[in-house]
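Structure first, then comments.
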Amino acid sequence: MRVAVVGATGYTGAELVRLLLGHPHVKIGALVGHGKAGAPLSRAIPSLAGLVEGDVEPFDADRVSERAEVVFCALPHGASPPIVRALRARGRTVFDLGADLRLRDRAEHVRWYGPDEAAELASQAVYGLVELHADRIATADLVAVPGCYPTASILALAPLLRERLVEPEGIVIDAKSGVSGAGRQPRESTHFPEVGGGVRAYGVGGAHRHTPEIEQELSALAGRTVRVTFTPHLLPMTRGILASAYAVARSGTTAAACTEAARALYRGSPTVVVLEPGGCPDTLHVRGSARCMLSYTLDERTGRLLAQAAIDNLLKGAAAQAVQCMNVRFGWPQATGLPLAACWP
């Protein structure tokens, strides 16, 4: 099957290309970029030198549609809607990695992102967290691939809210990410001398745009509105997210019960591994991998449950998740073409 990547020269796009090159059921038909259109691929994505020939192409809906049945869009917020609209009008299956289509409540989208340019597309899109929505993804022609912070946070908390092991009020998520999550475009806040040797919070006070995405999925699991305090932090490393979520344990809840609930929910998943109670996931142990590592610990003194998740933000948090969605959509084993072992050490 022929596939295309729009936004191929960003960090997520380059990871998509890397994964698709090793996928046994697909062939890359087009690699599209904007700022680097016309540049040799070997220069735009140096890691692909000798593997992919040709130049980065500008976007042309007809040309892309002629050369690919499936298109991955790895574009910044706001850039996807006209491209996705043009591709869907030509009957192409689209996996969109931007934020434009993820929120079902479009009033919430306007509140967090501004004017809604994709309401009709969002109504057609399926949220692409395979572990929760595989049945719907299997028949979808438009998939909104989740964000990186929501992926880690939702996977950690989903079993607890689904099985009513914790209270839905007062959940706090403390998440830390490497700087690749900010994208390839240079900016002062991610310039190495500005981040090396330091750790800082950002998007504080409930201001980060991934908050409503997390709340949307957790509310559906809890069967009621869930509000979370979500604070991300920037770490001086390239890859990885560690999300630490704190919730009040209900009477009788144990770390072992939470661990078993997670193992039951994710049974058969090739990309989610649940550690023993009290374990501590490490971003180093998932770097370069499509997997998410989870663990659960109960602080008996305070009655709070700590749920932890570690992912590679560019893989399970983006590119690998998109490929996993494609695998489900076309009936291939979920792990097809995905790296499961991490680059360690």
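Looking at this structure, is GLY206 farther than 16 Å from LEU157 by Cβ, of a type outside the set (Phe, Trp, Tyr) and in contact with a helix residue (DSSP H, G or I) (Cβ under 8 Å, 6 or more places away or on another chain)?
No.
The rows are residues; the columns are (1) over 27 Å from ARG102 (Cα atoms); (2) in contact (Cβ under 8 Å) with a residue 60 or more places away in the chain.
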position	(1), (2)
ARG287	no, no
THR297	yes, no
ASP312	no, yes
GLY331	no, yes
LEU340	no, yes
PRO345	yes, yes
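What residue, among those in the stretch 105-125 that are hydrophobic (A, V, I, L, M, F, W, C) and over 14 Å from GLU213 (Cβ atoms), is surrounded by the most Cβ atoms within 10 Å (Cβ to Cβ)?
Top of the filtered list is ALA118.
Just need a number here: residues in the stretch 285-298 that are in a loop (DSSP other than H, G, I, E, B) and open to solvent by 40 Å² or more (accessible area, probe 1.4 Å).
2
Name the residue that is nearest to GLY240 (Cα to Cα), counting only residues in the stretch 299-345 that are open to solvent by 10 Å² or more (accessible area, probe 1.4 Å) and of a type in the set (S, T, N, Q).
GLN308
May I ask you to list the residues in the stretch 127-153 that are of a type outside the set (Ser, Thr, Tyr), surrounded by 20 or more Cβ atoms within 10 Å (Cβ to Cβ) and closer than 21 Å to ARG85 by Cα?
GLY128, ILE137, ALA140, LEU142, VAL143, ALA144, VAL145, PRO146, GLY147
Select from the stretch 156-166 the residues that are more than 25 Å from ARG200 (Cβ to Cβ) and open to solvent by less than 10 Å² (accessible area, probe 1.4 Å) and list them in ascending order.
If the condition is that a residue be more than 25 Å from ARG200 (Cβ to Cβ) and open to solvent by less than 10 Å² (accessible area, probe 1.4 Å), then ALA158, PRO159, LEU160, LEU161, VAL166 are the ones that fit.
The values are calculated or read from the model by the stated rules, or taken from the named source; none is laboratory data. Just so it is clear, the structure is predicted and the values come from calculations on it, not from any experiment. Because the Cβ atoms are built from the backbone with ideal geometry, glycine has one as well, and the counts that use them run over all protein chains shown. Accessible surface is based on the protein model in full, side chains and every heavy atom, while ligands, DNA and RNA are left aside. Shrake-Rupley method; radii C 1.70, N 1.55, O 1.52, S 1.80 Å.
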